[in-house]
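Down below is the structure, laid out as structure tokens.
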Amino acid sequence: MFYFSVLLLAAGIALVVLKRRSTVDFRFAMPAGLLVAAVGLLLGLSSFTYVVQPYEVGVPSSLGSVGNTWKPGLHLKSPLTDVTTFSTRPTDLNLTGNDTVEVRSSEGGVLYVDLTVKWAIDPEHALALYRLSGSSENVQQRLVYPDTREIVRNVFAKHTSVEGYASQREVISAEMERLITARLSPRGIIVNGVNLRNVKPNDVLQKAIDQKIQQDQATEQAAAAVLTAKAQAEQRKIEAESTAEANTVIANSLTDKILMSQCIEAFKAAAEKNPVYASPCGGSGAGGAPLIVDGTKR
């Protein structure tokens, strides 16, 4: 930009001088020369300033020397100084589609993992990140991207296929976030979250996982049936013991005198309500069989 402004300024001055010294009538030479010179001058002045936008930090470099970081605002600089900016806004690294991570479980099964890493640059470490990567785009491609893929593979390698596919997904997601944060934080990269979006096994592994899940479900159902049968048997045993104890108590308490007393009470109740009734007490001559009594006859 600085060299371009110098060329414009030189061209504008040349047009003005040409207008004054030439005998030919160049009607628009003077206005054009002044306009070009003004544009060149403005561009030249702008090359001495630089504006760092909000949510950015700037790293100046001049002739192989790197300066301290610039905060948002207007800064004066040399025309030979280049400024590299780093955005401090949160960024998403989406490992999906062509970037899906292929991992292997502890059993050797192949899984395809889709996840999103939410990260941002710590402004205090922008200078160190510039020395490591050179630009904000390279921070993701050279640091966040390869480290994340390596950690994802290492985490899934410690778990079985069923755990990675279904039963331990939350545990795996938390473990990946912890390890990615521990790896990137010392470099000035803030990890705001790791979302494990999808885990898909290949066709062979999918079939094996389905069979394993069905076997586990069948085993659980069989175990539940055994527990139910044991509970029912225990309940029937308790009921039988209770009935036996009750019968024993009744048998021991029903003496002849008690039975005769109950018969007399029943006889009285029957005589009050029915003219013809059956007496449960019976008679000694009938072997204790019930007697039919007609209350209307004396």
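Scanning region 47-64 turns up no residue that is among the charged types (D, E, K, R) and not in a strand (DSSP E or B). Residues in region 121-168 that are at pLDDT below 90 and of a type in the set (Val, Ile, Thr): THR160, VAL162. If you go through region 169-187 and keep only what is at pLDDT 90 or above and surrounded by 15 or more Cβ atoms within 10 Å (Cβ to Cβ), you end up with ILE172, SER173, GLU175, MET176, GLU177, LEU179, ILE180, THR181, ARG183, LEU184, ARG187. If you filter region 127-173 down to residues that are small (Gly, Ala, Ser) and more than 16 Å from the chain's Cα centre (by Cα), you find that the one that is farthest from VAL83 (Cα to Cα) is SER161.
Look through VAL191, VAL199, VAL171, VAL162 and report the one residue that is farther than 17 Å from THR116 by Cα and among the hydrophobic types (A, V, I, L, M, F, W, C). Of VAL191, VAL199, VAL171, VAL162, the one residue that is farther than 17 Å from THR116 by Cα and among the hydrophobic types (A, V, I, L, M, F, W, C) is VAL162. Region 77-166 holds helices (runs of 4 or more DSSP H) entirely within its bounds, and those carrying 3 or more residues that are of a type outside the set (Phe, Trp, Tyr) and surrounded by fewer than 17 Cβ atoms within 10 Å (Cβ to Cβ) map to 126-132, 145-156.
For region 70-129, which residues satisfy the criterion of being small (Gly, Ala, Ser), touching a Phe, Trp or Tyr at 6+ places or on another chain (Cβ under 8 Å) and more than 26 Å from PRO186 (Cα to Cα)?
Residues satisfying the conditions are SER78, SER105.
For region 174-203, which positions are among the β-branched types (Val, Ile, Thr) and either touching a helix residue (DSSP H, G or I) at 6+ places or on another chain (Cβ under 8 Å) or touching a residue at least 60 places away in the same chain (Cβ under 8 Å) (or both)? Break it down stepwise before answering.
Step one: of region 174-203, the residues among the β-branched types (Val, Ile, Thr) are 180-181, 189-191, 194, 199.
ILE180, ILE189, ILE190, VAL191, VAL194, VAL199, listed by residue number.
Report yes if THR248 is modelled with pLDDT of 75 or more, more than 30 Å from GLY108 (Cβ to Cβ) and over 60 Å from the mean Cα position of the chain (by Cα), otherwise no. Yes: the conditions hold for THR248. Checked against the criterion of being modelled with pLDDT of 75 or more, surrounded by fewer than 14 Cβ atoms within 10 Å (Cβ to Cβ), outside the structural domain of ASP122 (by TED's automatic domain parsing) and within 20 Å of PRO123 (Cα to Cα), region 41-52 has at least one qualifying residue.
In region 188-218, of all residues being among the β-branched types (Val, Ile, Thr) and at pLDDT 85 or above, the one that is surrounded by the fewest Cβ atoms within 10 Å (Cβ to Cβ) corresponds to ILE190. In summary, VAL226 fulfils each of the numbered conditions (1) of a type in the set (A, V, I, L, M); (2) closer than 30 Å to THR100 by Cα; (3) modelled with pLDDT of 70 or more with the single exception of condition (2).
Of the residues GLY109, GLY64, which is among the small types (Gly, Ala, Ser) and in contact (Cβ under 8 Å) with a residue 24 or more places away in the chain? Can you show your working first?
Details: GLY64 fails: in contact (Cβ under 8 Å) with a residue 24 or more places away in the chain.
None of the other options fit; the residue is GLY109.
The values are calculated or read from the model by the stated rules, or taken from the named source; none is laboratory data. None of the values given here were measured: they were computed from a predicted structure. Backbone-built Cβ (ideal geometry, glycine too); neighbour counts: all protein chains shown.
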